[in-house]
Amino acid sequence: MATEATTRMGRPRSERARRAVLHAVDDLLVDVGYAAMTMKGIAERAGVGRQTLYRWWTTKAEILLEAVLEDVEEELTTPAHPDAAEDLLTYARALSGFLTASPAGLAYRALVGEAQHDPEVRTLVHAADLLGASARTVLDRVRPDAPGMPSPDLSAAQFIGPVVYRVLTARAAFSDDELRCHVRTLLASWAV
């Protein structure tokens, strides 16, 4: 998915510099947190000039979003399972792990937090649909076994919403038994 930042005109990106910037933003998020992170700090940590950052991105949120986008696809792509409950459970486990243990999950949580009071970040996060797209892929696979499943957006919210809410409010994932119960409850409600 291309963001506005990745499609700007100008000199082509140096892949080495781009990778250094994405690693730097991840490192700074862990070391100093989102609020204390600055474009100057990112440039210094990456060993690039600030003009390089501003040529490709306008805000630290755009950089962090790009770093997360690469990891989300890898970490939240789960193999298809012939059993709908196991297919959903596998994804729910991956999502829980992503949100609680992955550096990309930490970055996602930081962006969601910032989106609560920054409309530009809210727009970025909404447009990227970081979790919804991967969840809808799994839901599309189980839809034949769940004829009462609502629209793709609503079913994705029903599926991932409780998992995200739990991590954002309790900073701990549901247990495997709780995830299993969540999946069974959803499938039962979608069977009608």
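The values are calculated or read from the model by the stated rules, or taken from the named source; none is laboratory data. Note that the structure is predicted; figures quoted are calculated from it, not measured. Please note: Cβ atoms are built from the backbone with ideal geometry, for glycine as well, and neighbour counts cover all protein chains shown.
Assess whether ALA127 counts as being touching a helix residue (DSSP H, G or I) at 6+ places or on another chain (Cβ under 6 Å) and part of a helix (DSSP H, G or I).
no
Can you tell me which residue in the stretch 63-114 is surrounded by the fewest Cβ atoms within 10 Å (Cβ to Cβ), limited to those that are free of Cβ contacts under 8 Å to residues at least 24 places away in the same chain and among the aliphatic types (A, V, I, L, M)?
Among them, the one singled out is ALA101.
With respect to THR58, is the statement that it is touching a residue at least 24 places away in the same chain (Cβ under 8 Å), crowded, with 16+ Cβ neighbours inside 10 Å, among the polar types (S, T, N, Q) and over 15 Å from ALA107 (Cα atoms) true?
no
Take the residues in the stretch 77-102 that are hydroxyl-bearing (Ser, Thr, Tyr), under 29 Å from ASP145 (Cα atoms) and part of a helix (DSSP H, G or I), then tell me which one is farthest from the chain's Cα centre (by Cα).
Only one residue fits best here, namely THR90.
So, in the stretch 158-174, how many residues would count as being among the aromatic types (Phe, Trp, Tyr) and either assigned to a loop (DSSP other than H, G, I, E, B) or outside the structural domain of HIS81 (by TED's automatic domain parsing) (or both)?
Total meeting the criteria: 1.
Being more than 11 Å from LEU88 (Cβ to Cβ) and assigned to a helix (DSSP H, G or I) is the filter here; which residues of the stretch 136-157 pass it?
ARG136, THR137, ASP140, ARG143, PRO144, PRO152, ASP153, LEU154, ALA156, ALA157
Pick out the one residue from ARG184, ARG180 that is touching a residue at least 24 places away in the same chain (Cβ under 8 Å) and either surrounded by fewer than 15 Cβ atoms within 10 Å (Cβ to Cβ) or farther than 16 Å from SER96 by Cβ (or both).
ARG184
What number of residues within the stretch 43-76 satisfy the criterion of being more than 26 Å from ALA133 (Cβ to Cβ) and either assigned to a helix (DSSP H, G or I) or at pLDDT below 90 (or both)?
Matching residues across the stretch 43-76 total 10.
I'm trying to understand the selection: among the residues of the stretch 27-42, which are part of a helix (DSSP H, G or I) and small (Gly, Ala, Ser)?
Matches in the stretch 27-42: GLY41 only.
Scanning for something out of contact with any His (no Cβ under 8 Å at 6 or more places or on another chain) and among the β-branched types (Val, Ile, Thr), does the stretch 81-98 turn up at least one residue?
No: zero hits.
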